[in-house]
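**Q** Pasting a structure here, questions to come.
The values are calculated or read from the model by the stated rules, or taken from the named source; none is laboratory data. Values in this document were obtained by computation on a predicted structure and should not be read as measured data. Glycine gets a Cβ as well: all are built from the backbone with ideal geometry, and neighbour counts include every protein chain shown. Only protein heavy atoms, including side chains, enter the accessible area calculation; ligands, DNA and RNA are left aside. Shrake-Rupley method; radii C 1.70, N 1.55, O 1.52, S 1.80 Å.
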Amino acid sequence: MEVLEIQSWLFQIKPLEGESLSHFLGRFRRANDLTPHGFGKAAGLGGAIARWEKFRFNPPPSRQQLAALAVVVAVDVDRLKQMLPPLGVGMKMEPIRLCAACYVESPCHKIKWQLKVTQRCASHNLSLLSECPNCGARFKHPALWVDPWCHRCFFRFTDMVKYQKFVYSLL
């Protein structure tokens, strides 16, 4: 079986707190020099990897699919589920959103930023960015975040904090 053959040479990547599945899959693929197609084939998931990297969770990943992914990435199924939107909560596939203040603390894309119910960063009371404040380019899917900056003008994500607006909360 391909999964057993591939496991012996894979670099294992630890998921970061709150990390989205898209970002995690991209980091795993880059660490192991895999394409979405090759990764999907190795895990026995076909095109599902490419769909999930773009936040296309309709239909949502099944327990069997997550179990197959868990074998390859050596991450528990329950931990993989935490990288998905909660059941019954809608996702914004686009635009990709970012809280630069959160990114300073933990350099990864958070799943909570893409939830339809999320209007601001609850941790920092800041608006979420959906494009580079320097050049206006929309953010790429997190699986493609190779470097921590805008793909067009190279403006660092961590420097974007000063462009986020404070959002007053009524709570």
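**Q** Taking only DSSP H segments of four or more residues, each worth -39500 (n - 2.57), what value at 222 nm results for the chain once the sum is divided by all its residues, to the nearest 500 deg cm²/dmol?
**A** -8500 deg cm²/dmol
**Q** Right, next: Expressed as a whole percentage, what fraction of the accessible surface of the chain belongs to carbon and sulfur atoms when a 1.4 Å probe is rolled over the protein heavy atoms?
**A** 56
**Q** Probe of 1.4 angstrom, ligands and nucleic acids ignored: what's the accessible area per residue over the chain, in square angstrom?
**A** Here the per-residue accessible area is 54 Å².
**Q** Let me ask you something else. Under the 0.36 nm per residue contour assumption, what length would be gained going from the current alpha-carbon distance of Phe155 and Cys135 to full extension?
**A** Between Phe155 and Cys135, full extension yields an extra 6.3 nm.
**Q** Please tell me the relative contact order of the chain in percent, rounded to the nearest whole number, where contacts are Cα pairs under 8 Å and at least six residues apart.
**A** Over the chain, the number comes to 23 percent.
**Q** Continuing with this model, one more query. Between region 25-54 and region 132-171, what's the alpha-carbon centroid distance in Å?
**A** Distance between centres, Cα-based: 25 Å.
**Q** Can you give the net charge of the other residues whose Cβ lies under 12 Å from the Cβ of Arg79, counting K and R as +1 and D and E as -1?
**A** -2
**Q** Return the Rg/Rh ratio of the chain with Cα-based radii and a Kirkwood Rh.
**A** 0.98
**Q** What distance in nm separates the simple spin-label points at Phe166 and Val104, each placed 7 Å from Cα in the Cβ direction?
**A** In this crude label model, Phe166 to Val104 measures out at 1.4 nm.
**Q** Then there is this: When Rg is the radius of gyration of the Cα atoms in region 46-144 and Rh is its Kirkwood radius, what does Rg/Rh come to?
**A** 0.98
**Q** Next question. Under 13 Å Cα to Cα from Lys116, which aspartates and glutamates show up? Leave out anything in the same chain fewer than 8 places away.
**A** Counting by Cα, and skipping residues close in sequence, Lys116 has these aspartates and glutamates nearby: Glu94.
**Q** Need the list of aspartates and glutamates near Lys81 for cross-linking: C-alpha distance under 18 angstrom, and skip anything on the same chain fewer than eight residues off.
**A** Glu17, Glu19, Glu53
**Q** With springs only between Cα atoms under 10 Å apart, run a GNM on the chain and tell me which of Phe57, Phe24, Phe154 wobbles the most.
**A** Sorting by GNM fluctuation, first place goes to Phe154.
**Q** Could you calculate the FRET efficiency of Ala74 with Leu144 from 1/(1 + (r/R0)^6), where r is the beta carbon distance between them and R0 is 25 Å, rounded to 0.05?
**A** Once the sixth-power term is evaluated, E becomes 0.60.
**Q** Count charges around Cys99 for me, please; just the other residues with Cβ under 10 Å from its Cβ, Lys/Arg as +1, Asp/Glu as -1.
**A** That sum, taken over residues with Cβ under 10 Å, equals +3.
**Q** Percent relative contact order of region 46-130, based on C-alpha pairs within less than 8 angstrom and at least six residues apart?
**A** Dividing the mean separation by the residue count of region 46-130 yields 24 percent.
**Q** A further question follows. Which of Ala42, Ala143, Ala100 moves the most in a Gaussian network model of the chain with Cα springs under 10 Å?
**A** Looking only at Ala42, Ala143, Ala100, the largest GNM fluctuation is found for Ala42.
**Q** Taking region 52-154, which trypsin sites (Lys or Arg not before Pro) meet the DSSP loop condition and have no more than 14 other C-beta atoms within 10 Å?
**A** Within region 52-154, the qualifying trypsin sites (Lys or Arg not before Pro) (loop, at most 14 other Cβ atoms within 10 Å) are Arg56, Lys116, Lys140, Arg152.
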